[in-house]
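> Mind having a look at this structure? Questions to follow.
Just so it is clear, none of the values below were taken in a lab; they were calculated from the coordinates. These figures come from a predicted structure and were not determined experimentally. Cβ coordinates were reconstructed from backbone atoms using ideal geometry, including for glycine residues, and neighbour counts include every protein chain displayed.
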Amino acid sequence: MIIRPYNKKDEIGWVRCRVLAFLDTSYFDNVLTKKEMYENPAIELVAEVNGIIVGLLDIEYERKEKTVCSRGNGLGGMIWHIAIHPDYRRQGIGGALLCEAERQARKLGLNRLEAWTRDDEWVNKWYEKQQFSKVDSYYQVFIEDAEEFKGKLESCVPKLYPVTTFAHYVGEDVDFITSAFKRVHECSCYEKKLQA
Ligand SMILES: CC(C)(COP(=O)(O)OP(=O)(O)OC[C@H]1O[C@@H](n2cnc3c(N)ncnc32)[C@H](O)[C@@H]1OP(=O)(O)O)[C@@H](O)C(=O)NCCC(=O)NCCS
């Protein structure tokens, strides 16, 4: 297994690895058909085994405070994508990608990494195992059924009827939200301080 910078020629392998990695997670329908590119500079790494992309990690980072991350002081990096091909999980590849990214991040003068993830327990555990701490959370609500809209959400455009919706809930009445809608995910913010 080698860890190296992402190259434009890796794009198909990158997209395939990400789709497969998300299939058994709460991000199963978050499918990209192209690799995401960033406004700011990014650490973009892949893990390769026998010419196949089996892991990926993208961290967009700040050159100016508070341009990418949602919190903290000084310069930080945001993990937008981390994914390991399901046949290669629990072999230390995610940890190795993160370790190389942290080495590069320190060299760039970043003092922390931020990541947001949904409520897949094992993924949250992975962040904790990598010394990230949970610092915040909110709820993501998918409304996919006409019945769920009734009395809760409506369009103000005549004859326009929402069929599905994706919404953020940042309030306190979590019991109401989780009982009113079938698909609700807690989305947690993890932060790791980097030692200089
Ligand atoms: C989470 C993820 C990045 C971890 O990468 P990885 O290479 O499998 O993890 P590592 O080998 O570095 O670390 C293994 C540890 O992660 C946790 N872990 C990983 N996969 C797990 C699973 N299927 N079940 C339980 N724990 C798991 C465990 O703590 C494990 O340690 P252990 O094997 O000693 O119990 C990877 O499994 C993945 O791609 N998940 C799906 C994509 C995703 O949800 N990405 C984050 C979206 S923000």
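> State whether the residues of region 124-138 include one that is in contact with a His (Cβ under 9 Å, 6 or more places away or on another chain) and within 30 Å of TYR61 (Cα to Cα).
yes
> Then there is this: Picking from GLU60, GLU102, GLU121, GLU128, which residue would you name as being away from the ligand (no atom under 12 Å from the Cβ), out of contact with any Cys (no Cβ under 7 Å at 6 or more places or on another chain) and over 22 Å from ARG16 (Cα atoms)?
So the residue among GLU60, GLU102, GLU121, GLU128 that is away from the ligand (no atom under 12 Å from the Cβ), out of contact with any Cys (no Cβ under 7 Å at 6 or more places or on another chain) and over 22 Å from ARG16 (Cα atoms) is GLU102.
> Please enumerate the residues belonging to region 23-39 that are within 13 Å of the ligand (Cβ to nearest atom) and among the polar types (S, T, N, Q).
Of everything in region 23-39, those that are within 13 Å of the ligand (Cβ to nearest atom) and among the polar types (S, T, N, Q) turn out to be THR25, SER26, ASN30.
> In region 46-61, what residues are in contact (Cβ under 8 Å) with a residue 40 or more places away in the chain and buried (at least 21 other Cβ atoms within 10 Å of the Cβ)?
Answer for region 46-61, where residues must be in contact (Cβ under 8 Å) with a residue 40 or more places away in the chain and buried (at least 21 other Cβ atoms within 10 Å of the Cβ): VAL46, ALA47, ILE53, VAL54, GLY55, LEU56, LEU57, ASP58, ILE59, TYR61.
> Please list, ordered by first then second residue, the pairs with beta carbon atoms under 6 Å, 6 or more apart or interchain, first in region 82-95 and over 23 Å from GLU60 (Cβ atoms), second among the polar types (S, T, N, Q) and within 6 Å of the ligand (Cβ to nearest atom).
none
> Going residue by residue through region 81-97, is there one that turns out to be under 15 Å from the mean Cα position of the chain (by Cα) and among the aromatic types (Phe, Trp, Tyr)?
no
> Oh, and also: Could you go through region 149-159 and let me know if any residue there is aromatic (Phe, Trp, Tyr) and under 19 Å from the mean Cα position of the chain (by Cα).
no
> Have a look at GLY109, GLY92, GLY151 and point out the one that is at positive phi, within 7 Å of the ligand (Cβ to nearest atom) and not basic (Lys, Arg).
Unique residue meeting the criteria: GLY92.
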